[in-house]
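J.: My questions will all concern the structure given below.
The values are calculated or read from the model by the stated rules, or taken from the named source; none is laboratory data. Because the structure is predicted, anything quoted here is derived from the model rather than measured. Positions of Cβ are generated from backbone atoms using ideal geometry, with glycine treated the same way; all protein chains shown enter the neighbour counts. Note: accessible area is taken over every heavy atom of the protein model, side chains too, but ligands, DNA and RNA are not part of it. Shrake-Rupley method; radii C 1.70, N 1.55, O 1.52, S 1.80 Å.
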Amino acid sequence: LDYPPDPALAAAARGRMLFYRTDDTRISGDGIACSSCHIDGREDGLTWTTPMGPRQTPMLAGRLAGTAPYGWEGDRPTIAQYIENTVQRLGGKGLQAQDLDDLTKFLLVARAPPASPRDGALASRGRELFEDSAHGCATCHAGGGTDATVHGVSPTAQDVQTKFDTPSLRFIGGTAPYFHDGRYESLEALLADPGSSMGHTASLPERDRAALAAYLRSL
């Protein structure tokens, strides 16, 4: 019997081949692949110099569905437009609409990493703190997701703008460094910074910040 593949899965399979393809000048001028920076759809842990300022490589797998807009500036309403812009920045010649659709379908089904083991009691305390409006975490990241908008943050000297897209916090425990410019090497450093505009956690006792970090690593 003939079992033709599901059309959606066939498109994702084509997208996967494109994602890992090297020496394709349609994607990048120097032939690097999408997967060179987004290993298995994740990220390389690096912060890159861009015309807009320093930008950390974002994780893709498990984070894109329902999280539009895309890009640190939040200026791309669809995944295909985000990919198209990335290809332009990499000096690629450009992809056809079908290729962009296939890549989108692959990224939407790319397998996310397994959840991290957690200290149940500590993470539960962290969840309480996260959802407490006094600390401001869930205001933008309800349920660990995103409010799908941009917010002003403290820029670096190299940044040409001050508003950035709210990223999803899913699987954040394995995606250091943090912030659009990678300024924080750990979640603890982010939560302890009194100059951060992300919530109001710096004044919390160290034990509570540890609980918040434990909860974030469980997302």
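J.: Can you tell me the length gained on complete extension of the stretch D6 to K163, counting 0.36 nm per residue apart and subtracting the Cα distance?
T.: Fully extending the segment from D6 to K163 adds 52.5 nm.
J.: Right, another one. Take T162, T139, T201 and sort them by solvent-accessible surface of the protein heavy atoms, 1.4 Å probe, largest at the top.
T.: Largest accessible area first, the list is T139, T162, T201.
J.: If you add up the charges near R183, with Lys and Arg at +1 and Asp and Glu at -1, over every other residue whose beta carbon is less than 13 angstrom from its beta carbon, what do you get? Spell out each step's value before the answer.
T.: Numbers: positive: R55; negative: D159, D181, E185, D193.
Residues near R183 contribute -3 overall.
J.: If you count, for each residue, the other Cβ atoms within 10 Å and average over each peptide, how do 94-100, 206-212 line up from highest to lowest?
T.: Sorting 94-100, 206-212 by mean packing, highest first, produces 206-212, 94-100.
J.: Another one. Run the numbers for A65 and E185: contour at 0.36 nm per residue of separation, minus the present Cα-Cα distance, in nm. Intermediate results must be reported in sequence, preceding the final value.
T.: On the way: separation 120, 0.36 × 120 = 43.20 nm, distance 2.65 nm.
Additional length available on full extension: 40.6 nm.
J.: Listed highest first by mean packing, meaning other Cβ atoms within 10 Å per residue, what order do 62-69, 125-132, 165-172 come in? Before the final figure, lay out the partial values.
T.: Values: 62-69: 16.5, 125-132: 18.1, 165-172: 21.2.
Peptide ranking by packing, descending: 165-172, 125-132, 62-69.
J.: Report which label in [x] 76, 44, 28; [y] 59, 50, 24; [z] 76, 41, 36 holds the value of Cα extents along the principal axes in Å derived from the coordinates of this structure.
T.: [y]
J.: Percent relative contact order of the chain, based on C-alpha pairs within less than 8 angstrom and at least six residues apart?
T.: Normalised by residue count, the contact order of the chain is 23 percent.
J.: At A176 and A13, where each label point lies 7 Å from the Cα along Cα→Cβ, what is the point-to-point distance in nanometres?
T.: According to this spin-label approximation, the distance is 4.0 nm.
J.: Compute, for W48, the solvent-accessible surface of its heavy atoms (probe 1.4 Å) with the complete set of protein chains present, and express it in square angstrom to the nearest 10.
T.: That residue has around 110 Å² of solvent-accessible surface.
J.: What number comes out for the charge environment of M52, summing +1 per Lys or Arg and -1 per Asp or Glu over other residues with Cβ under 9 Å away? Before the final figure, lay out each step's value.
T.: On the way: positive: R55; negative: E73, D159.
Charge balance near M52 sits at -1.
J.: Within the stretch 1-115, what whole-number % of the accessible surface is contributed by carbon and sulfur, with the 1.4 Å probe and all protein chains included in the calculation? Numbers along the way, then the final one.
T.: Values: 3670 of 6430 Å².
C and S fraction of accessible area: 57 percent.
J.: Moving on to the next point. Please calculate how many Å² of accessible area the stretch 107-199 carries per residue, with a 1.4 Å probe and no DNA, RNA or ligand atoms counted. Please report the intermediate quantities before stating the final value.
T.: Working: 4820 Å² over 93 residues.
Normalised by residue count, the accessible surface of the stretch 107-199 is 52 Å².
J.: If one computes the Cα centroid of the stretch 102-172 and of the stretch 57-95, what distance in Å separates the two points?
T.: 17 Å
J.: Still on this structure: I need the peptides 191-198, 35-42 ranked by packing, meaning the mean over residues of other C-beta atoms within 10 angstrom, with the highest value on top.
T.: 35-42, 191-198
J.: Then there's this: Tell me the per residue accessible area of the stretch 1-105 using a 1.4 Å probe; a whole number in Å² is fine. Please report the intermediate quantities before stating the final value.
T.: Values: 5780 Å² over 105 residues.
For the stretch 1-105, the per-residue accessible area is 55 Å².
J.: To the nearest 500 deg cm²/dmol, what mean residue ellipticity at 222 nm is calculated for the chain from DSSP H runs of n ≥ 4 alone, each contributing -39,500 (n - 2.57), summed and divided by the residues?
T.: Taking each H run of at least 4 residues, the total per residue is -10000 deg cm²/dmol.
J.: Quick one: dipole size for the chain, taken about the Cα centre, charges +1 on Lys/Arg Cβ and -1 on Asp/Glu Cβ, in debye to the nearest 20.
T.: Dipole magnitude for the chain comes out near 180 debye.
J.: With a point put 7 Å past each Cα toward its Cβ, work out how far D44 is from D132 in nm, to one decimal.
T.: 4.1 nm
J.: Using the Karplus curve 6.51 cos²θ - 1.76 cosθ + 1.60 with θ = phi - 60°, what ³J(HN,Hα) values do you get for each residue of the stretch 189-196, in whole Hz, with x for Gly and Pro?
T.: Result, ordered by residue: 5, 5, 5, 8, 7, x, x, 6 Hz.
J.: Given labels modelled 7 Å from the Cα in the Cβ direction, how far is it in nm from S124 to H151?
T.: The two pseudo-label positions are separated by 2.8 nm.
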